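The values are calculated or read from the model by the stated rules, or taken from the named source; none is laboratory data. Quick caveat: nothing in here was measured; it's all calculated off a predicted structure. Please note: Cβ atoms are built from the backbone with ideal geometry, for glycine as well, and neighbour counts cover all protein chains shown. Just the protein is used for accessible areas: all its heavy atoms, side chains included, with ligands, DNA and RNA removed. Shrake-Rupley method; radii C 1.70, N 1.55, O 1.52, S 1.80 Å.
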Amino acid sequence: MSANSSRAGQLLSQASACISWKQDVEGAVYHLANCLLLLGFMGGSGVYGCFYFFGFLSAGYLCCVLWGWFSACGLDIVLWSFLLAVVCLLQLAHLVYRLREDTLAEEFDLLYKTLCLPLQVPLQTYKEIVHCCEKQVLTLATEQTYAVEGETPINRLSLLLSGRVRVSQDGQFLHYIFPYQFMDSPEWESLQPSEEGVFQVTLTAETSCSYISWPRKSLHLLLTKERYISCLFSALLGYDISEKLYTLNDKLFAKFGLRFDIRLPSLYHVLGPTAADAGPESEKGDEEACEPAASPPQATPTSLQQTPPCSPPPAATNFPAPPSRARLSRPDSGILGEDSTSLVLEDFEEVSGSESFMDYRSDGEYMR
């Protein structure tokens with residue numbers, strides 16, 4: 001170890017060293033250049049981080065050019081500093097060009113921040129989606145129809161950006177479409193790419209509306225090519241359709257003003273069976289009910305065995321039939337705060353052989 005240290009000391013002592021240090025400093029420009037370079041190298045990442053980084057480096061190298069020209073008087077210092085300053089300025093110009101090229105219209109930028117940014121959709125992917133609709137924003141005047149039931153073909157998919165659209169069928173109001181909801185998502189999901197069809201509802205603008213629209217064929221080509229975009233549209237369309245179904249579900253009322261979920265078994269029990277389906281079952285139940293009234297064959301005389309197996313009971317044992325409950329009339333739509341298509345559960349008859357859903361105050365009470 002001692003031999004190695006002594007050899008290193010000899011090498012350092014033999015190396016050339018400054019004969020004399022300069023007594024005066026290099027000047028304010030030199031120190032300013034180094035301060036700017038220090039600040040530049042502290043820059044972060046991202047687009048704005050690159051602006052910060054190359055901006056300070058450009059200023060620092062320009063100060064080095066001035067210092068080399070006026071103070072150091074070194075041609076190599078001037079040339080190298082000028083070359084580095086030019087490279088940094090070119091990089092800044094390239095960033096400005098890219099930023100201007102990536103700028104979207106105000107409507108598309110707001111759409112990205114509202115719909116796609118919460119899902120962490122990459123900006124480049126969003127640009128492919130926008131490019132598919134040709135970056136056009138279409139408009140609808142008040143009371144102008146977007147689609148007419150039975151006439152307008154299903155050849156596009158549209159997303160409402162502003163305004164409100166009314167959906168109706170046979171002149172009856174169904175629900176509204178609000179901004180950032182698809183205008184024809186059920187129609188889009190109802191057809192295969194190779195199928196054709198027409199709208200089953202009428203869409204009318206209640207206010208001045210703006211929307212974007214993707215042609216059906218172009219969008220199908222994009223979804224086939226890009227799996228990520230296909231999954232994204234599948235999730236957005238599924239959520240949109242479920243929102244429309246919940247909007248229709250809000251129109252389901254009981255006579256006492258409570259709302260019920262159509263997915264619950266109690267409502268399925270009321271809405272599911274029909275009178276035609278329940279007919280054979282009720283007849284079968286009557287036959288089974290009559291069988292216990294007959295006496296066993298071995299204990300009954302031969303003359304009594306020829307009697308019908310289900311004879312009516314004596315008149316004395318007949319109980320009076322319960323009075324039929326008067327059916328209330330459908331309440332006016334103005335009382336419920338809904339339109340004429342609001343569904344009232346009083347319109348459903350009692351299912352034979354079971355208790356009525358309307359006898360209970362709540363769905364949980366019925367389930368118990």
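With protein chains left intact and a 1.4 Å probe, residues in region 123-256 average 51 Å² of accessible area per residue. As a rough guide to protection, the peptides 83-94, 57-68 ranked by mean Cβ packing within 10 Å, highest first, stand as 57-68, 83-94.
If the only charges are +1 at each Lys and Arg Cβ and -1 at each Asp and Glu Cβ, what is the size of the charge dipole of region 26-107 around the Cα centre, to the nearest 20 debye?
Numbers: 2 positive and 6 negative charges, 40 e Å.
Approximately 200 debye in magnitude.
Highest mean first, the peptides 234-247, 155-168, 181-194 sorted by other C-beta atoms within 10 Å per residue fall in the order 155-168, 181-194, 234-247.
Amide H to amide H distances under 5 Å link LEU157 with TRP214, ARG216, where only residues 5 or more positions off or on other chains count and H is placed in the peptide plane.
Ordered by solvent-accessible area of protein heavy atoms (1.4 Å probe), largest first, the residues GLU106, GLU196 come out as GLU196, GLU106.
Under a Cβ-only charge scheme (Lys and Arg +1, Asp and Glu -1), can you give me the dipole magnitude of region 125-175 about the Cα centre, in debye to the nearest 20?
Working: 5 positive and 6 negative charges, 57 e Å.
Result for region 125-175 is approximately 280 debye, rounded to the nearest 20.
For region 123-256, give the percent of accessible area contributed by carbon and sulfur heavy atoms, probe 1.4 Å, rounded to a whole number.
Details: 3540 of 6840 Å².
Carbon plus sulfur share of accessible area: 52 percent.
Across region 51-60, rounded Karplus estimates of 3J(HN,Hα) from the backbone phi angles (6.51 cos²θ - 1.76 cosθ + 1.60, θ = phi - 60°) give 4, 4, 4, 6, x, 5, 5, 4, 5, x Hz, Gly and Pro being marked x.
Find the accessible area per residue for region 26-107; the probe is 1.4 Å, ligands and nucleic acids are left out, and the unit is Å².
On the way: 5530 Å² over 82 residues.
Per residue, region 26-107 has an accessible area of 67 Å².
Per-atom-type breakdown for region 26-107 gives carbon and sulfur 72% of the accessible area (1.4 Å probe, protein chains only).
The alpha carbon gyration tensor of region 123-256 gives principal lengths a ≥ b ≥ c with a/c of 1.5 or higher and a/b greater than b/c, which makes the shape prolate.
Please compute the Kirkwood hydrodynamic radius of region 26-107 from all pairs of different C-alpha atoms, in Å with one decimal. Across region 26-107, the inverse of the average 1/r is 13.5 Å. Quick one: Debye curve from the C-alpha atoms of region 57-142, no solvent, what's log10 I(q)/I(0) at q = 0.13, 0.21 Å⁻¹? The Cα Debye sum returns log10 ratios of -0.62, -0.96.
Compare the peptides 115-127, 138-150 by average per-residue count of other Cβ atoms within 10 angstrom and give them in order, highest first.
Details: 115-127: 12.5, 138-150: 14.8.
Most protected by this proxy first, the peptides run 138-150, 115-127.
Can you classify region 163-238 as rounded, prolate or oblate using the Cα gyration tensor, where a ≥ b ≥ c are the square roots of its eigenvalues, rounded means a/c under 1.5, and otherwise it's prolate if a/b beats b/c and oblate if not? Here region 163-238 falls in the prolate category.
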